[in-house]
Every structure is written in structure tokens, then in C-alpha cells.
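Novice: Sharing a structure with you now.
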Amino acid sequence: MRLNSLLLYFLISFLFGCSDNKIHNSKDFIFGTLIDIKIYGESKINAEKVSNDIFNEFHRLHKLLHPWDKSLITDINNAISEKKFISINNDEVITILRDAQRLENQTQNLFNPSIGKLIKLWGFHSNNYDQETIPNKETIQQLVSSNPSMQSIKIENGVLKSNNKNVQIDLGGYAKGYALDQAKKILIQNNVENALINIGGNILAFGKHGERNWVVGIQNPRKPNALATINLKPGWAIGTSGDYQRYIMVNNQRYSHLINPQTGYPGSKTQSATVLIAPSEYSGVLSDVFSKPLFITSKENKANIAKLLNIKNFLIVMDDKSILISESLNKKIHWEEDIDKKIITIL
């Protein structure tokens, strides 16, 4: 685990007010990141029970959807690589895959969970990011030219097949958001009214922190503190894609795990992209997925992608430390640093 992850965790914990004795706080490490659950105003017994239910659900999803350890997803990938049919006796996974197909189309292929071979090639199918060289240019081009796409996956009567052996499903840009939406269902089922679920920076506010909204921080990509804070209203979700947790350094250049499916290379010239998503049944998924296209695409295209996806609230930190922020989100946040307003562009 990178130091930045740990510092971010302590930052978030501080901002969320762990000292409040009405908050029950539980932690775990799942999906390769720190999980923090805060439940407000419930008895210790009920809060512990609900927190454990949520953690158990997260562990189930982690085992079900893992992209390289033994899972149903790896079984599917093995079948695809051998151009074989595979029966999927799991309606949940079928629904997830079809949703991923829809989101790939919606994001103009900038969110593409079928590029697992590219992600592996860059060394990110591992818990240690210590690759010392970047992949061969010809190998990258060969994989990109093979056009891996979720659209090449066909599912009929529970049977999955694909005619593209270079398709390898990796739901790393989807699973945390999906888990947030599942956590929300568990909170509702248990009549919990106020909670905050944080999965490594993908955060869902459920209810309030007493009489006030939950306060969350937007991480500075290069410092162990918040760039800004925001009052997260009930039902809203926030998600950030950044180059500061999962990355490799080669010849003093940073390469993140956020791979552009259209080039085969990590997105560049962006340090982080944060989106704020209004309440919906799928706010968790959207907070996870929609930050990826904003991070990956070029600076000139970021506003267009935000408009295409109807992302009204976003904040993007570029590699020159300039900041692009939507007018709507600029009205909602509180800047935590003495930021030179000249570096901020309001879109």
C-alpha cells in the first residue's frame, strides 16, 4: 500500500469527525484499498452487525469479480482466450457485464473493462507496482489494434462467448462503485438512516452526520492533505480517479493504472479527476466509472466528455497543477488551500 493511501485515509478520517461518540467506525482492507464505514446514531450492536454485513458483501464481490485471482471473471477470461463458450449461472454477473457494455458505449470507449491484457502488460495485475520498464511499443499497438471491446461479448441464455481472444475483463473501474450501491441496499434493509461509506476515495453519503451533512475532502494529488472539502448531501456520491496510488515510475516519469483504451498508454497530463453524482439507484457506479473518461481524455476534450455524460459537478487537476472545475461544483466546495485563483478555470 502506498504512503499516499494511508495519508489520505487519515485525512478523510479527520474530516469526517471520528471523535464524535455517536459514530461507530469500522475499517477493513478490500478491493486492494482501505474501506471505512461510519454509522451515526445507532446502537453499537446494530452498527457492528450492519458494518459486518457490508464488509461480508464486499468480500463476496471481491472474490466474485477479481481480475487475476481465481474468480468467475478469470474463468470467463480463460474461456474467451481459448475461444470457448462458458455457461454463467449467475444473473448478477450477467447484469454487471451488460451494464459495463452500456457504459462503454456511453463513454465512447474511454471506459472499457475489456482491456485487462493491457492493464496486465503495464504491471497492474499485481499488488506490487514495481515494474522497471514500460511495455514494448509494438506489443501495446498489437493489443490496441485487436480492438478489445465489451461489445464483442455475447450472452444468450446464460452462455457467454467472444470471438476476440484479446478481450480480458477487468472490472477494477466499476466494482468499488457497484459495492457502494450494494452497501446502500444493506443500510436500507437494516433501517439505518445515517452512514458514510468510503471505499478508497469512492464515497457515498447516506443520511446525515447528526444535524449536518457529512463533510468529505478532495485529495490534493501531490500532498497529504485536502485540496478542498464539500458538504456531501444525503444520497450523493463522490469518486476520484488519480495517478497517486497505483502507478509505476520509469526514468522519473509516472505511469498510472488508468489506461487509455484508444492508445494503450496510461492517461497523461492529468493528476486527478473528481466527480460528484446526484442521488440515484446507481450513483455509486457512476461515481466510479465517470471519473475515468474525465481523467483519460485530453485536456481539450474534458469539457466535451463531461457534457456528453451529463456530469454537472467535476474537478480536474492537471499535471501543471492547473485546475478545471465545473461552475456547479465550484459553488459547492470550500478550498482548503491558499490557491492562486489564476490557475483555476471554471467551465
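Novice: For residue 83, which of the numbered conditions (1) modelled with pLDDT under 95; (2) assigned by TED's automatic domain parsing to the domain that holds residue 219 fails to hold?
Specialist: (2)
Novice: Going through segment 144-170 one residue at a time, which ones are buried (at least 22 other Cβ atoms within 10 Å of the Cβ) and either under 16 Å from the mean Cα position of the chain (by Cα) or in a loop (DSSP other than H, G, I, E, B) (or both)?
Specialist: Scanning segment 144-170 gives 148, 167, 169, 170.
Novice: Taking residue 51 and the conditions (1) of a type outside the set (Val, Ile, Thr); (2) surrounded by 21 or more Cβ atoms within 10 Å (Cβ to Cβ); (3) in contact (Cβ under 8 Å) with a residue 60 or more places away in the chain, which numbered condition does it fall short on, given that it satisfies the others?
Specialist: Failing condition for residue 51: (3).
Novice: In segment 248-292, which residues are buried (at least 21 other Cβ atoms within 10 Å of the Cβ) and either of a type in the set (Phe, Trp, Tyr) or over 25 Å from residue 126 (Cβ atoms) (or both)?
Specialist: Listed by number, the residues that qualify are 255, 274, 275, 276, 277, 283, 284, 285, 286, 287, 290.
Residue-wise test of (1) closer than 28 Å to residue 205 by Cα; (2) in the same structural domain as residue 180 (by TED's automatic domain parsing); (3) assigned to a strand (DSSP E or B).
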site: 241; (1), (2), (3): yes, yes, yes
site: 255; (1), (2), (3): no, yes, yes
site: 268; (1), (2), (3): no, yes, no
site: 285; (1), (2), (3): yes, yes, no
site: 288; (1), (2), (3): yes, yes, no
site: 292; (1), (2), (3): yes, yes, no
site: 302; (1), (2), (3): yes, yes, no
site: 320; (1), (2), (3): no, yes, no
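Novice: Shifting gears a bit: Name, by its number, the condition in (1) in contact with a His (Cβ under 9 Å, 6 or more places away or on another chain); (2) basic (Lys, Arg); (3) closer than 24 Å to residue 341 by Cα that does not hold for residue 222.
Specialist: Against the list (1) in contact with a His (Cβ under 9 Å, 6 or more places away or on another chain); (2) basic (Lys, Arg); (3) closer than 24 Å to residue 341 by Cα, residue 222 comes up short only on (1).
Novice: Mind telling me which of the residues 110, 97 ends up being touching a Pro at 6+ places or on another chain (Cβ under 6 Å) and not assigned by TED's automatic domain parsing to the domain that holds residue 236?
Specialist: Checking each option against the conditions leaves just 110.
Novice: Applying the selection to segment 128-152, what residues are out of contact with any helix residue (DSSP H, G or I) (no Cβ under 8 Å at 6 or more places or on another chain), under 24 Å from residue 290 (Cα atoms) and in contact (Cβ under 8 Å) with a residue 24 or more places away in the chain?
Specialist: 152
Novice: Can you tell me which residue is nearest to residue 284 (Cα to Cα) among those in segment 91-143 that are buried (at least 20 other Cβ atoms within 10 Å of the Cβ) and among the aromatic types (Phe, Trp, Tyr)?
Specialist: 111
Novice: State which residue is modelled with the lowest pLDDT when the search covers only segment 119-139 and only residues that are among the charged types (D, E, K, R) and farther than 20 Å from residue 172 by Cβ.
Specialist: Out of the qualifying residues, it is 132.
The values are calculated or read from the model by the stated rules, or taken from the named source; none is laboratory data. None of the values given here were measured: they were computed from a predicted structure. Cβ sites come from the backbone with ideal geometry, for glycine too, and all protein chains shown count toward neighbours.
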